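Before any comments, here is the structure.
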Number of protein chains: 2
Amino acid sequence: MKRLTGKDVARAAGVSASAVSRAFTAENRLNKATRDHILKVAAEMGYRPNALARSLIKQESDLVAVVVGNTDGIYDKDFFNHLSTALQKRGKWALQIRSEDQENLAETLGKALMYPVAAAIVRAGTVDPQAIENSKQMNVPLIYTGLGPVIKGADCVWLNYKSGGLLGTRHLVRRGCKKIAYIGGIKGFTADTGRRDGYLEALQEAGLQPHSISQTKFDFESGMQIALNLLQSDNPPDAFYCVSDAAALGALNAAKSLLNLRVPEDVAIVGSDNMPMASWPCFDLTAATNPIDEIVQNLMETLEARLANLDQQEMSVVVEPQLVIRGSA
Amino acid sequence: MKRLTGKDVARAAGVSASAVSRAFTAENRLNKATRDHILKVAAEMGYRPNALARSLIKQESDLVAVVVGNTDGIYDKDFFNHLSTALQKRGKWALQIRSEDQENLAETLGKALMYPVAAAIVRAGTVDPQAIENSKQMNVPLIYTGLGPVIKGADCVWLNYKSGGLLGTRHLVRRGCKKIAYIGGIKGFTADTGRRDGYLEALQEAGLQPHSISQTKFDFESGMQIALNLLQSDNPPDAFYCVSDAAALGALNAAKSLLNLRVPEDVAIVGSDNMPMASWPCFDLTAATNPIDEIVQNLMETLEARLANLDQQEMSVVVEPQLVIRGSA
DNA sequence: ATGAAAGCGCTAACAG
DNA sequence: CTGTTAGCGCTTTCAT
């Protein structure tokens, strides 16, 4: 991995190494003529300062760890793409760190923290105190987002899940649904508990009993399977409120494609997330939003505020979902 | 960004800095007792060697640049997730680099190459010679994949696009379709030209004329719009061969949901990619595969071969698509 | 305005 | 087996 160094350029340009360095850093002034000359020579040689060495001496880094936890749905992929793009627009580079299962998350994050990242943005269903401890020790600010709860010791940007559950379920109640089933997510994930709380509260407001509460991995397949079972049971629901769009689309497929039911007449369906796909004509899904742009925007603001002042108090931003009403409910 | 150093640990453990270093590198032997002691102290303090400093001296890096070009469809998101995971399993870290438009790709890659990455994996529709030149200068091996053509000066892992076009179109011909339209991608992308070539050749074999050739951004919306226009025209096609699953699902929506046509009776539809979504009951899409696992596997093998021997000849792997027949054609 | 020299955190060669 | 020393590529005083 032989790589051109500043020294090589210095030699070629007939200047000192420090001159080359100064040519590449705005702060230190340099005679315009020499700077231009150095930059020209450097460009010809294809030289670029080594970000690692620079980082080492400046004690700062443009790297941001983006930690993908135990959540890998369609929504999440979209989310991380937006996040990477937003980081890059702000001069940061996203170092992707993935952990299949929750147990490994702290360990994986630990390994990744060998790189001197400016911060770590973590999206995971539950939060490992060890991970927080690790990054504390490394002085890496941690920002949690997405499925997790509000954390002591880390900044958070999260969705008001309960509000989504309330909005979605109240809408089904208003439609006149009486037997509303909850298709939930992974146990312990705030995205699940929050939305379920909203669901339960909305039912209570209306004096209704929950029809049933089930669990998925937030995904299409399990959403479809559960809906199929429930709809074929002795006491089928007349509506589903679903913890994710993916699960809702699964339920929609079970109802329309597999059982030839009419949606929303026979069974009404509300999802959560409002992914672009929700608006496709074949789905036309009513859903509570989980607005990626807004969340990413808040993450960027939180990140910048945190980097500007490492010692300030923990920040917590809550994004409010909205209900987008379409044909499915 | 004050961070614990090996020196701090050395002081605390009453040993030298090199002892600490040796404790963290398997190669250099160390008395088991001292090693254990050092590791214990380090763990208590939460110390981790700085990967940047290590990289600087070892002249090698665990970073791999993953360059996301002007392609951001559902398939691509999936692809990059698999790629990051595969890299991490092999002890590499994916540094995400995104470029909205093709023009910026070389420039963005250039900036990212300030980080001493072991290699760069690029997935883009077209290839900028400047990007190749840049990475050559930085001695960073470049591996192209996906939409691009086979490149001089870089390793490639790509799909046999033409074969996909042949398989898909021949299948429509066998079904008895006579007016087969091609819904294509972005002009100049090999994913488009290759599949179109296959489409044209299959038609020629059958003595048929192309019904029409149109362009999308490989996406759902433009696929839907184009299909809608064609199906409402004076001379509607009886089949679509589509450059991507996303475009095919758009066409499917236009036919079934918007125009109430029967698929495949009124119009048959074949996609390309075979994303998981293609098998959803509401779609049941016949598609030529673009097998992520196989491509990523080949990328990993190419990467490892390249890193093992930087000077060996360019490698090129071609993955063959298969036709998965479902209900849509 | 520019060069020389020190040092960021680490590892590898060299002593002992 | 372990400590001392040098140096990776860069930026930043401190001189000039």
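The values are calculated or read from the model by the stated rules, or taken from the named source; none is laboratory data. What you see is a predicted model, and the numbers here were worked out from it, not measured in a lab. We place every Cβ from the backbone using ideal geometry, glycine too, and count neighbours over all the protein chains shown. Side chains are part of the model used for accessible areas, which takes the heavy atoms of the whole protein and leaves out ligands, DNA and RNA. Shrake-Rupley method; radii C 1.70, N 1.55, O 1.52, S 1.80 Å.
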Give the relative contact order (percent, whole number) for the stretch A:6-49; include only Cα pairs under 8 Å separated by 6+ residues. 41
At 0.36 nm per residue, minus the direct Cα-Cα distance, what do B:Glu44 and B:Lys179 gain on full extension? Give it in nm, one decimal, please. 41.4 nm
Separation in nanometres of the label points that stand 7 Å from Cα toward Cβ, at A:Glu201 and B:Asp293: 4.3
Part-to-part distance (alpha-carbon centres) for the stretch A:33-69 and the stretch B:282-303, which is given in Å: 36
Taking a quarter of the surface of the convex hull around the Cα atoms of the stretch A:36-102, what do you get in nm²? 6.9
Rounded tilt (10° steps) of B:292-308 against the dominant C-alpha axis of chain B: 40
Relative contact order (%) - chain B, alpha-carbon pairs under 8 angstrom, separation at least six: 14
Quick check: convex hull over the Cα atoms of the stretch A:99-236, volume per residue in Å³, rounded to an integer? 114
A:Glu294 label points, 7 Å along Cα→Cβ, one per copy: pairwise distances from this copy to the rest in nm, shortest first? 4.4
Once both label points are put 7 Å beyond Cα along the C-beta direction, the A:Asn31-B:Asn160 separation in nm becomes 6.4
Using the Cα atoms of the stretch A:6-128, I'd like the radius of gyration and the largest Cα-Cα distance, Dmax, both in angstrom. 19.6, 57
Normalised per residue, the volume inside the convex hull of the alpha-carbon atoms of the stretch B:159-225 in Å³ amounts to 82
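What whole-number value in Å² describes the accessible area per residue of the protein assembly as shown for a 1.4 Å probe?
Details: 27090 Å² over 658 residues.
For the protein assembly as shown, the per-residue accessible area is 41 Å².
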Within chain A, excluding any GluC sites (Glu not before Pro) found in a DSSP loop (not H, G, I, E or B) and having at most 16 other Cβ atoms within 10 Å, the longest uninterrupted segment runs A:101-264
How many nanometers, to one decimal and shortest first, lie between the label point of A:Arg262 and those of its other copies, if labels sit 7 Å from Cα toward Cβ? 2.2
Give the angle, between 0 and 90 degrees and rounded to the nearest 10, that separates the Cα long axis of helix B:161-174 from the longest principal axis of the Cα atoms of chain B. 30
Order of exposure, largest accessible area first, which applies to A:Arg175, A:Arg35, B:Arg54 with probe 1.4 Å: A:Arg175, B:Arg54, A:Arg35
What distance in nm separates the simple spin-label points at A:Ser233 and A:Arg90, each placed 7 Å from Cα in the Cβ direction? 4.5
Rounded if a/c is under 1.5, else prolate if a/b beats b/c, else oblate: with a ≥ b ≥ c from the C-alpha gyration tensor eigenvalues square-rooted, which is the protein assembly as shown? oblate
With all protein chains present and a 1.4 Å probe, how do A:Ile292, B:Ile269, A:Ile325 order by accessible area, largest first? A:Ile325, A:Ile292, B:Ile269
Excluding ligands and nucleic acids, what accessible area in Å² is computed for B:Lys111 using a 1.4 Å probe, to the nearest 10? 120
Express in Å², to the nearest 10, the accessible area of A:His37 obtained by rolling a 1.4 Å probe over the protein heavy atoms while all chains stay in place. 80
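Using just the Cα positions, wrap the stretch B:6-49 in a convex hull and report its mean projected area in square nanometres, one decimal place.
The directionally averaged projection comes out at 2.5 nm².
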Report the Cα centroid-to-centroid distance between the stretch A:133-201 and the stretch A:74-112 in angstrom, as an integer. 20
Would you tell me the accessible area of A:Cys242, worked out with a 1.4 angstrom probe on the heavy atoms of the protein chains, in Å² to the nearest 10? 0
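Relative contact order for the stretch A:161-289: what percent, with Cα pairs under 8 Å and sequence separation of 6 or more?
Details: 277 pairs, mean separation 33.4, N = 129.
For the stretch A:161-289, the relative contact order is 26 percent.
Give the value in nm², to one decimal: projected area of the alpha carbon convex hull of the stretch A:258-329, averaged over all directions. Provide the component values of the computation, followed by the final result.
Working: hull surface 24.6 nm².
If you wrap the Cα atoms of the stretch A:258-329 in a convex hull and average its projections, you get 6.2 nm².
What FRET efficiency comes out for A:Ala17 versus B:Leu310 if R0 is 25 angstrom and r is the Cβ-Cβ distance? Round to the nearest 0.05.
Working: r = 27 Å, r/R0 = 1.08.
It comes out at approximately 0.40.
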Helix B:74-89 axis, angle to chain B major axis (alpha carbon atoms, nearest 10°): 30
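How large is the Kirkwood hydrodynamic radius of chain B, in angstrom, based on all distinct alpha carbon pairs? Kindly include the intermediate steps, with their values, before the conclusion.
Values: mean 1/r = 0.0451 Å⁻¹.
So the Kirkwood estimate lands at 22.2 Å.
Under the √(5λ) rule applied to the eigenvalues of the Cα gyration tensor, what semi-axes describe the equivalent ellipsoid of the stretch B:63-144? Give them in Å, descending.
18, 17, 9
Cα-Cα over 23 Å: which of A:Lys152/B:Lys89; A:Lys136/B:Lys7; B:Lys58/B:Lys136; A:Lys217/B:Lys256? Spell out each step's value before the answer.
Values: A:Lys152/B:Lys89 31 Å; A:Lys136/B:Lys7 19 Å; B:Lys58/B:Lys136 20 Å; A:Lys217/B:Lys256 30 Å.
Check vs 23 Å cut-off fails for A:Lys152/B:Lys89; A:Lys217/B:Lys256.
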Length gained if B:Glu133 through B:Gln322 is fully extended, taking 0.36 nm per residue and subtracting the Cα-Cα distance, is 64.5 nm
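Given the rule -39500 (n - 2.57) for each run of at least 4 DSSP H residues, summed and divided by the residues of chain A, what is its mean residue ellipticity at 222 nm, to the nearest 500 deg cm²/dmol?
On the way: 12 runs with 141 residues, N = 329.
Using -39500 (n - 2.57) per qualifying helix, the result is -13000 deg cm²/dmol.
Relative to 2.2 N^0.38 Å, what does the C-alpha radius of gyration of the stretch A:161-289 come to as a ratio? Two decimals please. Could the numbers behind the result be given before it?
Values: Rg = 12.7 Å, N = 129, 2.2 N^0.38 = 13.9 Å.
So the stretch A:161-289 has a normalised radius of gyration of 0.91.
With N denoting the number of residues in the stretch A:105-152, provide Rg(C-alpha) divided by 2.2 N^0.38 Å, to two decimal places. Let's see the in-between values first.
Numbers: Rg = 9.8 Å, N = 48, 2.2 N^0.38 = 9.6 Å.
The value comes to 1.03.
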Given springs between every Cα pair under 10 Å in a Gaussian network model of chain A, which of A:Ser21, A:Ser222, A:Ser233 has the largest fluctuation? A:Ser21
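Enter the buried accessible area of the B/A pair, total of both sides, probe 1.4 Å, in Å² rounded to the nearest 100. Mind showing how you got there, number by number?
On the way: alone 16530 and 16520 Å², together 27090 Å².
Buried surface at the B/A interface: approximately 6000 Å².
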Defining the label point at 7 Å along Cα→Cβ, can you sort the distances from A:Asn139 to the same site in each other copy, shortest first, in nm? 3.2
Given a 1.4 Å probe and every protein chain left where it sits, what share in percent of the accessible area of the stretch B:46-192 is carbon and sulfur? 51
